[in-house]
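Accompanying notes for the structure given below.
The values are calculated or read from the model by the stated rules, or taken from the named source; none is laboratory data. Since the structure is predicted, the reported quantities are computational estimates derived from the model, not experimental observations. For neighbour counting, all protein chains shown are included, and Cβ atoms are generated from backbone atoms with ideal geometry for every residue, glycine included. For the accessible areas, the whole protein counts, side chains as well, though only heavy atoms, and no ligand, DNA or RNA atoms are used. Shrake-Rupley method; radii C 1.70, N 1.55, O 1.52, S 1.80 Å.
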Amino acid sequence: MTKGEDTKRLILNAGLQMATQLSLESVTIGNLAKATQISKSGLFAHFQSKENLQLAILKHAGDLFAENVVVP
């Protein structure tokens, strides 16, 4: 994986954890920036909007489910 892919995966994992504990609506670029210690502009560069970020988190959750439950 490239550095950008690693960073995106780190963001998505943190976002999924935040969504699991609070709610998906609670996951914002600002909250996630604080949690990951990445600048808001850095997060924005990966996702362009809160909606895209939340959709990416949902897709990531589905991918993890498939990888850990469906495939085995």
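What tally of residues in region 27-44 results from selecting those that are of a type in the set (Gly, Ala, Ser) and open to solvent by 40 Å² or more (accessible area, probe 1.4 Å)?
Within region 27-44, residues that are of a type in the set (Gly, Ala, Ser) and open to solvent by 40 Å² or more (accessible area, probe 1.4 Å) number 3.
Only one of (1) of a type outside the set (D, E, K, R); (2) under 13 Å from the mean Cα position of the chain (by Cα); (3) at pLDDT below 95 fails for ASN13. Which number is that?
Result: ASN13 passes all but (3).
Hey, can you tell me all the residues within region 45-61 that are open to solvent by 40 Å² or more (accessible area, probe 1.4 Å), within 12 Å of the chain's Cα centre (by Cα) and either farther than 18 Å from ASP6 by Cβ or touching a residue at least 24 places away in the same chain (Cβ under 8 Å) (or both)?
HIS46, LYS50, GLU51, ASN52, LEU55, LEU58
Anything in region 63-72 that is loosely packed, with under 11 Cβ neighbours inside 10 Å and either within 12 Å of the chain's Cα centre (by Cα) or touching a residue at least 40 places away in the same chain (Cβ under 8 Å) (or both)? List them, or say none.
none
Could you please find all residues in region 11-26 being β-branched (Val, Ile, Thr) and open to solvent by less than 30 Å² (accessible area, probe 1.4 Å)?
ILE11
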